[in-house]
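Everything below concerns the one structure shown next.
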Amino acid sequence: LAQVQQLFDAMPDTSLLARRDRAIIALLVLTGMRSDAVASIRLKHVDLDGRRILQDATEIRVKNAKSQTTRWFPFGDPFDQTLVDWVSELRDLNALPDDALFPPDEVINAPYRIRRDDREPIAPWQTDGPVRRVVRQACKRAGLPYFNPHAFKHFVASMSDSYCTSSEQRRGWSHNLGHENEALTR
């Protein structure tokens, strides 16, 4: 947890691009989602009121093409607020529900492209390479060795003992990570 906090604290938030990158890390922490799913998620898949992500396998690149709803894990702020603020900022820029939650750099660097009313939805990344790049840069900035985006899933799994007090809660934690059984989470 200290390393995750160190990594996050070292990330700037002074530009639209930097806030997008912080939101990527926040989503990885709050959900333990796989990097390919993060790269392909759209704005409409985020339910802020329910604090959940609707991983629709027909639109998001999820493992084994298996849809699921992922509730945010209870790590709170600053992760929670960062993701909420990012979604709000996109909506303020006139983002459409079908737009990528994490628009590519060329769109972020020209936000007027988001504001236009006469445009097609902004497509998500075709690979998880940009998510890996964000994590790599964040690790470097924080002075930490690189750990791949899947390490966030392992982090979330490792935190179950700190938050779960019963076997039923541990099963729920595991299921929320997309695991069929608790043994996969361990």
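Descriptive notes on the structure:
- Simple point charges give the picture: +1 on the Cβ of Lys and Arg, -1 on the Cβ of Asp and Glu, and for the chain a dipole about the Cα centre of about 500 debye.
- Simple rule: put +1 on each Lys or Arg Cβ and -1 on each Asp or Glu Cβ in segment 14-107, find the dipole, and look at V46, I60, S88; the Cα lying farthest toward the positive end is I60.
- Heavy-atom surface of the chain, accessible at 1.4 Å and reported per residue (Å²): 49 Å²
- Rg over Rh for the chain works out to 0.96, both radii taken from alpha-carbon positions and Rh defined as the Kirkwood radius.
- Report summary: the helix-based calculation at 222 nm, which adds -39500 (n - 2.57) for every DSSP H run with n ≥ 4 and divides by the residues of the chain, gives -13500 deg cm²/dmol.
- Inter-label distance, nm, simple model (7 Å from Cα along the C-beta direction), Q5/K66: 3.3 nm
- Sorting the segments 164-172, 14-22 by their residues' average number of neighbouring beta-carbon atoms within 10 angstrom, most packed first, yields 14-22, 164-172.
- In the frame of its principal axes, segment 9-97 has Cα extents of 37, 29, 23 Å, reported largest first.
- Our estimate of slack between E168 and R113, defined as 0.36 nm per intervening residue step minus the Cα-Cα distance, is 15.1 nm.
- Counting only alpha carbon atoms, the long axis of helix 16-31 and the longest principal axis of the chain meet at about 20°.
- Highest to lowest packing among 91-98, 63-70, scored as the average C-beta count within 10 Å: 91-98, 63-70
- Accessible-area composition of the chain, carbon plus sulfur, in percent [1.4 Å probe]: 47 percent
- Radius ratio Rg over Rh of segment 91-186, counting only Cα atoms, Kirkwood formula for Rh: 1.12
- Spatial separation of Cα centroids for segment 1-54 and segment 123-186, in angstrom: 12 Å
- Amide proton proximity set for T69, modelled H, under 5 Å, gap of 5+: Q55
The values are calculated or read from the model by the stated rules, or taken from the named source; none is laboratory data. Here the structure is a predicted model, which is why all the values come from computation and not from measurement. Using ideal geometry, Cβ is built from the backbone for each residue, glycine included, and neighbour counts are taken over all protein chains shown. The protein model used for the area step is the full one, side chains on, heavy atoms only, and it has no ligands, DNA or RNA in it. Shrake-Rupley method; radii C 1.70, N 1.55, O 1.52, S 1.80 Å.
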